[in-house]
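J.: Before anything else, here's the structure in question.
The values are calculated or read from the model by the stated rules, or taken from the named source; none is laboratory data. On a predicted model such as this, the values are computed, not experimentally measured, just so you know. Neighbour counts are summed over all protein chains in view; Cβ atoms, including those assigned to glycine, are modelled from backbone coordinates with ideal geometry.
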Amino acid sequence: MIRINVVCIGKVKEKYIREGIAEFSKRLSKYTKFEIIELAEEDDNKGIENAINSETERIINVISKKNYSYNILLDLKGKMLTSEEMADKIEKISMTNSEINFIIGGSNGVDDNFP
């Protein structure tokens, strides 16, 4: 069974969203192991570039500890996939990897050199 992680910067504060996540997680549990890993958002009073670098470094620290994982950065500049295309991609990934990390950067994005 493949494991799916959502690694994100920032915490979900809204109750209705947390409830939706809990329901979605429960439904997914029949098919996969699912976890949301929330990392603290960096205060950008030291500069946006420093915040982006720090957040990106923390994401890399989390995903580098995961063996045999495939990383997908969810980004506004990325390629849009239909549900069917995403399902096909996950199926193909699961043939060679035991884990998928969906990565969501902070409000300022991730470092351009993100692997």
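J.: Checking I60 against (1) out of contact with any strand residue (DSSP E or B) (no Cβ under 8 Å at 6 or more places or on another chain); (2) surrounded by fewer than 11 Cβ atoms within 10 Å (Cβ to Cβ), which test does it fail?
T.: (2)
J.: May I ask you to list the residues in the range 90-101 that are surrounded by fewer than 15 Cβ atoms within 10 Å (Cβ to Cβ) and under 18 Å from K66 (Cβ atoms)? Write out each step before concluding.
T.: Quick first cut of the range 90-101, residues surrounded by fewer than 15 Cβ atoms within 10 Å (Cβ to Cβ) only: 91-92, 95-96.
Once the filter is applied, which keeps residues that are surrounded by fewer than 15 Cβ atoms within 10 Å (Cβ to Cβ) and under 18 Å from K66 (Cβ atoms), the range 90-101 yields M95, T96.
J.: Restricting the search to the range 1-19, which residues are under 18 Å from the mean Cα position of the chain (by Cα), modelled with pLDDT of 90 or more and of a type outside the set (K, R)?
T.: I4, N5, V6, V7, C8, I9, G10
J.: Residues that are of a type outside the set (A, V, I, L, M, F, W, C), within 28 Å of D111 (Cα to Cα) and at pLDDT below 90: does the range 20-35 have at least one? Please lay out each step first, then the result.
T.: The first filter runs over the range 20-35 and keeps only residues of a type outside the set (A, V, I, L, M, F, W, C), leaving 20, 23, 25-27, 29-33, 35.
When the remaining residues are screened for being within 28 Å of D111 (Cα to Cα), the result is 35.
After this cut, where a residue has to be at pLDDT below 90 as well, the list is none.
The answer is no; no qualifying residue exists.
J.: Considering only residues of the range 22-65 that are small (G, A, S) and out of contact with any Phe, Trp or Tyr (no Cβ under 8 Å at 6 or more places or on another chain), which is farthest from E91 (Cα to Cα)? Before the answer, list the steps.
T.: Step one: list which residues in the range 22-65 are small (G, A, S), which gives 22, 25, 29, 40, 47, 51, 54, 64.
Those still in the list that are out of contact with any Phe, Trp or Tyr (no Cβ under 8 Å at 6 or more places or on another chain) too: 22, 29, 40, 47, 51, 54, 64.
On the way: A22: 24, S29: 17, A40: 31, G47: 40, A51: 35, S54: 32, S64: 22 Å.
Restricting to residues being small (G, A, S) and out of contact with any Phe, Trp or Tyr (no Cβ under 8 Å at 6 or more places or on another chain), the top hit is G47.
J.: Being in contact (Cβ under 8 Å) with a residue 12 or more places away in the chain, surrounded by fewer than 16 Cβ atoms within 10 Å (Cβ to Cβ) and under 14 Å from G105 (Cα atoms) is true for just one of K77, K11. Which residue is that? Walk me through how you get there before you give the answer.
T.: On the way: K77 fails: in contact (Cβ under 8 Å) with a residue 12 or more places away in the chain.
One residue alone meets the criteria, K11.
J.: Can I ask one more? If you scan the range 84-100, which residues turn out to be modelled with pLDDT under 95 and either touching a Lys or Arg at 6+ places or on another chain (Cβ under 7 Å) or over 21 Å from R3 (Cβ atoms) (or both)?
T.: Across the range 84-100, the qualifying residues are S98, E99.
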